[in-house]
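Read the structure below first, then the notes.
The values are calculated or read from the model by the stated rules, or taken from the named source; none is laboratory data. All figures in this text were calculated on a predicted structure; none of them were measured in a lab. Every residue, glycine as well, gets a Cβ built from its backbone with ideal geometry; the counts of neighbours run over all protein chains shown. The area values use the complete protein model at the heavy-atom level, side chains included, leaving out ligands, DNA and RNA. Shrake-Rupley method; radii C 1.70, N 1.55, O 1.52, S 1.80 Å.
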Amino acid sequence: MKFSWRVLVLWTLPALVIGFFFWQGAFANVPADMGKNAANTRMTYGRFLEYLDSDRVTSVDLFEGGRTAIVEAVDPDIENRIQRWRVDLPISAPELISKLKEKQISFDAHPMRNDGAIWGLLGNLIFPILLITGLFFLFRRSSNLPGGPGQAMSFGKSRARFQMEAKTGVKFDDVAGIEEAKEELQEVVTFLKQPERFTAVGARIPKGVLLVGPPGTGKTLLAKAIAGEAGVPFFSISGSEFVEMFVGVGASRVRDLFKKAKDNAPCIIFIDEIDAVGRQRGAGIGGGNDEREQTLNQLLTEMDGFEGNTGIIIIAATNRPDVLDSALLRPGRFDRQVTVDAPDIKGRLEILSVHARNKKLDPSVSLEAIARRTPGFTGADLANLLNEAAILTARRRKDAITLREIDDAVDRVVAGMEGTPLVDSKSKRLIAYHEVGHALVGTLLKDHDPVQKVTLIPRGQAQGLTWFTPNEEQGLISRGQLKARITGALGGRAAEEVVFGAAEVTTGAGGDLQQLSGMARQMVTRFGMSDLGPLSLESQQGEVFLGRDWTTRSEYSEAIASRIDAQVRAIVEECYDNAKKLIRENRTVTDRIVDLLIEKETIDGEEFRQIVAEYTDVPDKAQYVPQL
Ligand code: ADP
Ligand code: MG
Ligand code: ZN
């Protein structure tokens, strides 16, 4: 069972009450007015008589028909101060009264009251009652059958999971690098602030905006920024939170959310990961009329149920717009789609500037250099990167983040934690040849991305690493570049084989091989870059579970399949031969760089190229360095 506040409350409350009665139990038979002058300490009857005889007792109050007494007496143990005790009296002690009279001690008898009995009775009953109630609730909860619509509804309602932020505090200035998306959404702010401007000319204000993009690109942030700029409340819920164990809960949450939103209009409703509820209906495994469909139907109904000018705008986020139900995307619902992509180099620079605002950076750090080094990083990655760098800086007890911390943080974010370098050994030498093989082949091929650095410091799974400066800015990749990448990926294995012989090659190339096989296969089946001609033989496969695109998989005959295999093999063999040839022809410089690498652990790209240039021509790759 999932943790829930309801269960917690259900069980703590009785526990507290029961605890209270056990505690109360000690006085359960004592009348209420005795409680206020009740003494904490008890005294035996014998001791009481002793005190009486030695004239220490000053007053006696009798309770319960003379069965209990509160005795005030001078305590010799603590400097003769007056103390109070509680004494249980024997049932028949008639001589006591006469003794008290004789000693002229003030005494008083208090009448018996009935509260005691009532409290006692309640105390005895409360435990079974609570137990039964508790069991009843527990039973109702764990029952999988809904006990009728009313019950399920109130259930979803009291457990509403959406959050409301009256003020998000996020402004458009905090969102950087995704200018197009921002511009599109700027208009939404105007809708919220001045709806009259649009309604006056008869325009219908859009109800829903769908933000589409990979995780971490700032979709949530954008939605909050809209609310922040417009100064309206922000309701958020994740699609997965609609769907629960109970049938009908999702739908009732949707109703509840919209009701709250209407009460607080103008406002923004943000539905994160809408694909969790908004998938194409009637598809996939499980099919039919399930909980998710009911939730989606409710969502559609609610979206139709309010007019555009009520001032509620629904923003949803997803990274799978292709699986969404088409009913969600028709005009009048999420009729605007805004794409939020991973930022380009300029965007990264802007995002870095936003997140560098509250960080102490050494003046030598250039954010441009970081932006250049981090292709493919999303806004969340960059924020994380700067944070990691700041943590490293603090750990190294420096005052400001320097380039070294940034570099280490990038490496760490991309390739994992740093390990300890191997001691000089045959396997270290082999790893060095492997990495220098990648780097050398990459440097000598005109179409390959330039080497950024080679290192023997292990990271994550890798024993050594060769970093290239990827060239992301030109979206299209040529056949020559793909082949260069395959050759470069084979450079490691080629060096192992050329230097140590075919029998000595290692498993270290496993990852390389997997990667390059995938590339070679795609060249044949998707990009038409082989003798099979410009045909697309395989589409990118979606998950069967999603049910939408699993029937669109291309089919081809066995004969074609074996021709595909032959073509893939031919590409890889050609590249492998080329890689081995390059290593053999440059054996001298390879050996020299390996020695240097074992000594220094890391060589940067510039130095690498300079050494290679002493022996052979190095192609110029200026065109690969991304421009700002
Ligand atoms: P998503 O919802 O797209 O998965 P988030 O909006 O939750 O991504 O982003 C997570 C964090 O990453 C944000 O809180 C912010 O710190 C940072 N971030 C992401 N994109 C940007 C951006 N474009 N500009 C500034 N910061 C960003
Ligand atoms: Mg998000
Ligand atoms: Zn490798």
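Ignoring ligands, DNA and RNA, what percent of the accessible area of the range 345-415 is carbon or sulfur (1.4 Å)?
49 percent
Starting from the Cα gyration tensor of the range 32-109, take the square roots of the eigenvalues, sort them a ≥ b ≥ c, and report rounded, prolate or oblate (rounded when a/c is under 1.5, otherwise prolate if a/b is larger than b/c, else oblate).
Oblate.
Tell me which GluC sites (Glu not before Pro) from the range 586-620 have a DSSP coil assignment and no more than 11 other beta carbons within 10 Å of their own.
614
Count neighbours as other Cβ atoms within 10 Å of each site's Cβ, and list the GluC sites (Glu not before Pro) in the range 284-384 that are DSSP loop with at most 15 such neighbours.
307
Using DSSP to call loops (not H, G, I, E or B), can you name the chymotrypsin sites (Phe, Trp or Tyr not before Pro) in the range 551-616 whose Cβ has at most 15 other Cβ atoms within 10 angstrom? All intermediate terms of the calculation are to be shown ahead of the outcome.
Numbers: sites: 556, 576, 608, 615; in loops: 556, 615.
When the chymotrypsin sites (Phe, Trp or Tyr not before Pro) of the range 551-616 are filtered for loop state and at most 15 Cβ neighbours within 10 Å, 556, 615 remain.
Can you list the residues, at least 5 places off or on another chain, whose amide H is less than 5 Å from the amide H of residue 312, using H built in the peptide plane?
267
Measure off, as a whole percent, the carbon and sulfur share of the 1.4 Å-probe accessible area of the range 471-518, all protein chains present.
The nonpolar share, carbon plus sulfur, comes to 52 percent.
Cross-chain or 8 or more residues apart, Cα under 20 Å: how many lysine pairs in the range 426-613 fit that? Count them up, please.
Lysine pairs, 8 or more places apart or on different chains, close enough: 9.
Would you calculate the separation in nanometres between label points at residue 186 and residue 109, each defined as 7 Å from the Cα along the Cα-to-beta-carbon direction?
Taking the two extended label points, one gets 9.4 nm.
Residue by residue, what Karplus-based ³J(HN,Hα) values in Hz, rounded to whole numbers, does the range 251-265 have, using 6.51, -1.76 and 1.60 with θ = phi - 60° and x for Gly and Pro?
4, 6, 5, 4, 4, 4, 4, 5, 5, 4, 5, 5, 5, 10, 5
Once the Cβ-Cβ distance between residue 125 and residue 59 is put in as r, and R0 is 56 Å, what FRET efficiency do you end up with, to the nearest 0.05?
0.90
Spin-label point model (7 Å from Cα, Cβ direction): what's the residue 194 to residue 42 distance in nm?
8.2 nm
Determine, for each peptide in 47-57, 514-524, the mean count of other beta carbons within 10 angstrom over its residues, then list the peptides with the highest first.
Values: 47-57: 16.0, 514-524: 17.8.
In decreasing order of mean packing, 47-57, 514-524 become 514-524, 47-57.
With the cut-off at 24 Å, tell me which of the pairs 171/259; 219/398; 193/219; 193/346; 182/260 have Cα atoms farther apart than that.
Checking Cα-Cα distances, 171/259; 219/398; 193/346; 182/260 exceed 24 Å.
With a Förster radius of 60 Å, plug the Cβ-Cβ distance of residue 538 and residue 136 into 1/(1 + (r/R0)^6) and report the FRET value to the nearest 0.05.
The pair residue 538/residue 136 has a calculated efficiency of 0.55.
Would you mind calculating the relative contact order of the range 32-109 from Cα pairs under 8 angstrom and at least 6 residues apart, reporting the percent as a whole number?
For the range 32-109, the relative contact order is 34 percent.
Send over the semi-axes of the range 163-339's equivalent ellipsoid, whole angstrom and largest first, taken as the square roots of 5 times the C-alpha gyration tensor eigenvalues.
26, 18, 15
Is the C-alpha gyration tensor of the range 430-504 telling us rounded, prolate or oblate? Criteria: a/c under 1.5 is rounded; beyond that, a/b larger than b/c is prolate, otherwise oblate.
Numbers: a/c = 2.50, a/b = 1.49, b/c = 1.68.
Taking the square roots of the gyration eigenvalues as a ≥ b ≥ c, the range 430-504 is oblate.
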